[in-house]
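Input: a single structure, listed below in C-alpha cells.
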Amino acid sequence: MSRKEFNRGAVLARVATQTITLTEAVPLLGISYRQAKRLWRRYRLEGAGALVHGNVGRCSNHAAGPAERATVVALIRQHYGGGMAKGPSQRFGPTLVAEHLWCDHGVLVARSTLRDWMRDAGLWSRTPRGRPAQTRRERKAHFGELVQLDGSFHDWYEGRGARAGQRSCVMNMVDDATSTTLLHFGAEETTWAAVTVLKAWIAAYGVPRALYTDWKTVYKREPTLNETTRGVEAFTQFGRMCQKLDITIIGAASPQAKGRVERSHGTQQDRCIKKMRLLAISDDVAANAYVAATYLPAHNARFAVAPTSAVDYHRARDPHRADDDVFCLEETRVISQDYVVQYKTQGLQLDRAARGRVPAKSTVLVRETEDGRVRVIHVGRDGHERVCAWTPAVARAVARGRPGTPSGAPVPLVATPGPQRPAPDHPWHVQHQRWVDAAMQRKASLTPRP
C-alpha cells in the first residue's frame, strides 16, 4: 500500500466512525465527491485493502516474455560477460551491451531493462561511490579554443599480440567545447608521439588556439636558473613547435583541472578495449586504422556536443612554413674556426660555399626531423633562413711525432684509448726541463760550501 492509499484509508476510517462526514472528507482526500462516494462504497464492502490499485503485483502488459529474457541473458553471458575487476576480460556494462545486441544481433532491449536482467542474473553490479561535491569549469564557447592533450598508459590489447604483458600509450586529444576526440596508439608518451597526434588534429580540423597539458618535459617545463636570470622563456621541443604554430600551451595544476580528457581516458579504457577485443586487434597499426576509420567517427557522432558559439576558432596552417621547419628538434650551436658544427656526437663540416656568407663563431640552428635528417640553418639579420650544406667532419688530429708513428704523421684522437701524453721531445717537456735545470743551478749557487 502506497502512502497516498494509506492516507485515504485513514480518512475513510474517520468517516466510518462518523467523526466527519463524507462531504467534509472530500478536501482531505483530494478528489471529487463522486470519486469519494466510489471509494467509500469499496471501503465499506472490502475494507482498506480495496483502496490498493488493482495493477499492483501484476506483470506489465509490455513486459518481455520469459523465453526472450532467457535468450538475451544467454547472449550476454556468452559474448559480453567477464569479471568485475578492471583490466583484461572485464565485463560489458548495460549501455554497451544494449548497443551490441542491436548492432550485432538485431535484438532491441532498453538499457534499463538490460540493467535489471543483468543484475538478476549476476552479470552486473555497481556500488555507488560517494564523491565530494565539486564545481566544474564551464566549457569553452568555441570549437578549437582549447584542446586538452594527455597520454594514457594501459594494457590496451589485454595481453594479445607481440607486446603481451606490456602497456601501450594512447595519445588523446579532446576539444573542451565539443568533447570531439582524437586517439593515436603508440609505445610511449614522447615528443614525436605528441607531434603525431597534433598533426592528425591539424589535418582534420585546423590549428587550435591553445593546448591544455601536464607539466611534463614533453609539453611544458619550469625555466632553469640561467633562463630566469637572462629572462628567457623556457620551451620544450614540443613547446617550440607549438610556438611556431602560434599555439599557447597551458600547464594544468592537477589532473582534475583537465578532467575532460581524464574522463575520456576512462571511457576509452572501457569501450574501446572491449570493441577491439571483439575484433581481436593486437597491435598499434591495426588499432590506429580501426579508431580512425570506424571507432572515432561513431564515438564523436554520439558523444560530441554542439558548442555554445558557432564560430570555429581553428586557424589554417601557414603555407610558407614547411613541416621540416616546424615539426623538428631544434638546437642552437656555434660554428668553430674550421667551420665545424658539433651536434650530439657528430661533427658537421660546412660546405666552402657557405664560408663567405656565414662567419665563423656565429650562431646557427641545427634541426633534426623525425626520420633523422639533420639540417644546419643560418638566420640572417633580416630574419631570412639559409640552409648550409654539410658533410661529416674528419676526426681531429692530436700531437705529432709520437714514438712508434712516422715522423710528422698525425695521430687520431680515437687511435689510443685513455689519457694522451705529449712526446718526450715535445716543446712543453723541453721548456720544462730548461726551467728545472735553471732552478737547480740557482739552488747550487746559493748553497754555502762546507
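When the alpha-carbon atoms of the stretch 66-120 are used, the pair Rg, Dmax equals 10.7, 33 angstrom. Computed log10 I(q)/I(0) for the stretch 328-392 at 0.13, 0.24, 0.27 Å⁻¹: -0.30, -1.06, -1.33, from the Debye equation with unit scatterers placed on every C-alpha and solvent omitted.
With θ taken as phi - 60° and the Karplus curve 6.51 cos²θ - 1.76 cosθ + 1.60 applied, the whole-hertz 3J(HN,Hα) list for the stretch 233-247 is 6, 7, 10, 7, 4, 5, x, 5, 5, 5, 4, 5, 8, 6, 10 Hz, x standing for glycine and proline.
Taking a straight line from the alpha carbon of K275, these lysines sit under 19 Å away, with near neighbours fewer than eight places off in the same chain left out: K86. Note on R381 and C103: their simple-model spin labels are 6.4 nm apart, each label 7 Å out from Cα toward Cβ. With the convex hull drawn over the C-alpha atoms of the stretch 109-241, the volume per residue is 235 Å³.
Going from the fewest other Cβ atoms within 10 Å to the most, the residues L28, L279 appear in the order L279, L28. What residues have an amide H closer than 5 Å to that of R167, excluding those fewer than 5 places away on the same chain, when H is modeled at 1.01 Å from N in the peptide plane? Under 5 Å from the amide H of R167 lies no amide H from a residue far enough along the sequence or on another chain.
Once Rh is set to the Kirkwood radius over Cα pairs, what Stokes-Einstein translational diffusion coefficient, in µm²/s, holds for the chain at a temperature of 4 °C and a viscosity of 1.567 mPa s? Walk me through the intermediate numbers first.
Values: Rh = 30.5 Å.
Translational D for this selection: 43 µm²/s.
Cα centroids of the stretch 1-26 and the stretch 290-336: how far apart, whole angstrom? Computed from Cα coordinates, the inter-centre distance equals 71 Å. One decimal place: the segment A360-L446 gains 25.6 nm when fully extended, by the rule 0.36 nm per residue minus the C-alpha distance. With a threshold of 21 Å on the Cα-Cα distance, the over-threshold entries among K199/K220; K140/K274; K140/K258; K4/K37; K199/K244 are K140/K274. Model label sites at D312 and T113, defined 7 Å from Cα along the beta-carbon direction, differ in position by 4.1 nm.
Once C-alpha pairs closer than 8 Å and six or more residues apart are averaged by separation and normalised to the residue number of the stretch 3-51, the relative contact order reads 34 percent. The value of relative contact order for the stretch 1-157, using C-alpha pairs under 8 Å at least six residues apart, is 13 percent. What the phi angles of the stretch 199-212 give under the Karplus curve with 6.51, -1.76 and 1.60, with θ = phi - 60°, is a coupling list of 4, 5, 5, 5, 5, 7, 10, x, 8, x, 6, 8, 10, 10 Hz, glycine and proline written as x.
Between I31 and R421, the modelled label-to-label distance comes to 11.6 nm, taking each label 7 Å out from Cα in the direction of the beta carbon.
Can you show me the helix-derived [θ] at 222 nm for the chain, built from DSSP H runs with n ≥ 4 at -39,500 (n - 2.57) apiece and divided by the number of residues, rounded to the nearest 500.
On the way: 14 runs with 159 residues, N = 450.
-11000 deg cm²/dmol, from helical runs alone.
Pairs of Cα atoms under 8 Å, at least six residues apart: use those to get the relative contact order of the chain, whole percent.
10 percent
Rule-based calculations on the coordinates, nothing more; no lab input. For clarity, every value in this text was computed on a predicted model and none was experimentally measured. Positions of Cβ are backbone-derived with ideal geometry, glycine not excepted, and every protein chain shown enters the neighbour counts.
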